[in-house]
Amino acid sequence: MTHTYTRTGTMVERKIRDEHILVPVGDNLYELDSLFTLNEVASFIWNRTEQGASGAVIAANVVEHYDVSPGEAEADTQRILAELVEIGALETQGASD
């Protein structure tokens, strides 16, 4: 998990009551038909990508914030980051030091 993750600018997060939702923005009407709901951990991870953090740093933040093992945090972080890349919310910037 040495890649750095940055937001693509194609989605914004909105909090409605206790729900965290990613809303597509832009010119593509197909993309505007989709909303993505984030659970608490996914929202926590999304918020760590604002400054372009690496997956390893984000996983370490998850361990510090939640009562999970480093292995579980790494697996969950990797899965969530991959899903955010898949929907076009994030992009990888290559390996970080």
**OP:** Under 7 Å between Cβ atoms, at least 6 apart or on separate chains: pull out the pairs that start in the stretch 7-27 with a residue that is in contact (Cβ under 8 Å) with a residue 12 or more places away in the chain and end on any residue that is aromatic (F, W, Y).
**Re:** E13/W46; I21/F36; L22/F36
Original post:
Does any residue of the stretch 67-89 turn out to be open to solvent by less than 50 Å² (accessible area, probe 1.4 Å), in a strand (DSSP E or B) and in contact (Cβ under 8 Å) with a residue 24 or more places away in the chain?
Top reply: no
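The values are calculated or read from the model by the stated rules, or taken from the named source; none is laboratory data. Here the structure is a predicted model, which means the values were calculated and not measured. Backbone-built Cβ (ideal geometry, glycine too); neighbour counts: all protein chains shown. Ligands, DNA and RNA are stripped out before the accessible areas are found, and what is left, the full protein with its side chains, is counted by its heavy atoms. Shrake-Rupley method; radii C 1.70, N 1.55, O 1.52, S 1.80 Å.
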